[in-house]
Amino acid sequence: MKIPINLASQPYRRDRAIIAASVAVSVLLVFTLGILILLIVQDRAQLADVRADVNHLNQQTRIVNAQQAQLDTVLRQPENAEVIERSVFLNSLLVRKGISWTRVFADLEKTLPYSVKLMQVRPTVDSQNHVRLDMTVGANEPGPLIEMFKAFKESPLFGDAEMQSNLPPTQSEPLYRLKVMVPYAQKL
């Protein structure tokens, strides 16, 4: 029988592989830390550029707002009120004159059923320059008027028509009459 005898005070351990792996992992972690520090420095440099741009734009905004305030004070003076009122009137007049009646009637002719009579039409323009047609239409029967609503809905030039009022036929006016408001896609 053999008896193993170890004469060393501490027995031999295989730590060399663990130490080599620890050193490799430590080198990898230090390399990753270096990359992260480099990315942080670059990010701070980019943020400094962005902050400078934002400050520059804020300064320009303050300058423009100050100029706008000066112009507003000039425009609010009593002697300029008449000129402003006249320019607003002329601008609204130009917008109303920008509506082509020929195109309005041509588009209505294409869209309205043949048995619907156009009795009255009045275009209106809102603040966003959208044109709406306020119309009074008539027909001998209600069927063509229903077809008119379908035609408006399917047309790319008109939107959903809103019925404002309706009048049944009378002895003096033998037509079913509807007052209709419809959006119109004419560009001004």
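The values are calculated or read from the model by the stated rules, or taken from the named source; none is laboratory data. Treat the numbers as computed from the prediction; the structure is a model and nothing was measured. Every residue, glycine among them, receives a Cβ derived from its backbone with ideal geometry; neighbour counts consider all protein chains shown. Side chains included, ligands, DNA and RNA excluded: accessible areas come from the protein's heavy atoms. Shrake-Rupley method; radii C 1.70, N 1.55, O 1.52, S 1.80 Å.
Some observations on this one:
- From S87, S127, residue being more than 24 Å from P156 (Cα to Cα) and either polar (S, T, N, Q) or surrounded by 11 or more Cβ atoms within 10 Å (Cβ to Cβ) (or both): S87
- Test: residue in the stretch 107-117 that is of a type in the set (S, T, Y) and open to solvent by less than 50 Å² (accessible area, probe 1.4 Å): yes
- Selection from the stretch 130-149 of residues that are within 14 Å of Y184 (Cα to Cα), open to solvent by less than 100 Å² (accessible area, probe 1.4 Å), touching a residue at least 40 places away in the same chain (Cβ under 8 Å) and not charged (D, E, K, R): V131, L133, M135
- First in the stretch 101-127 and free of Cβ contacts under 8 Å to residues at least 40 places away in the same chain, second anywhere and acidic (D, E) and not in a loop (DSSP other than H, G, I, E, B), Cβ under 7 Å, 6 or more apart: P113/E147; R122/D134; T124/D134
- Here the stretch 164-188 is the region considered, the condition is being touching a residue at least 12 places away in the same chain (Cβ under 8 Å) and surrounded by fewer than 12 Cβ atoms within 10 Å (Cβ to Cβ), and the residue that is farthest from I99 (Cα to Cα) is P174.
- The residue list L71, L94 contains one member that is open to solvent by 90 Å² or more (accessible area, probe 1.4 Å) and either farther than 30 Å from A185 by Cα or among the acidic types (D, E) (or both), which is L71.
- Any chance R16 is open to solvent by 80 Å² or more (accessible area, probe 1.4 Å) and either at pLDDT 90 or above or touching a Cys at 6+ places or on another chain (Cβ under 9 Å) (or both): no
- Candidate set from the stretch 114-129 (those that are under 35 Å from the mean Cα position of the chain (by Cα) and of a type outside the set (S, T, Y)); member that is farthest from A185 (Cα to Cα): Q120
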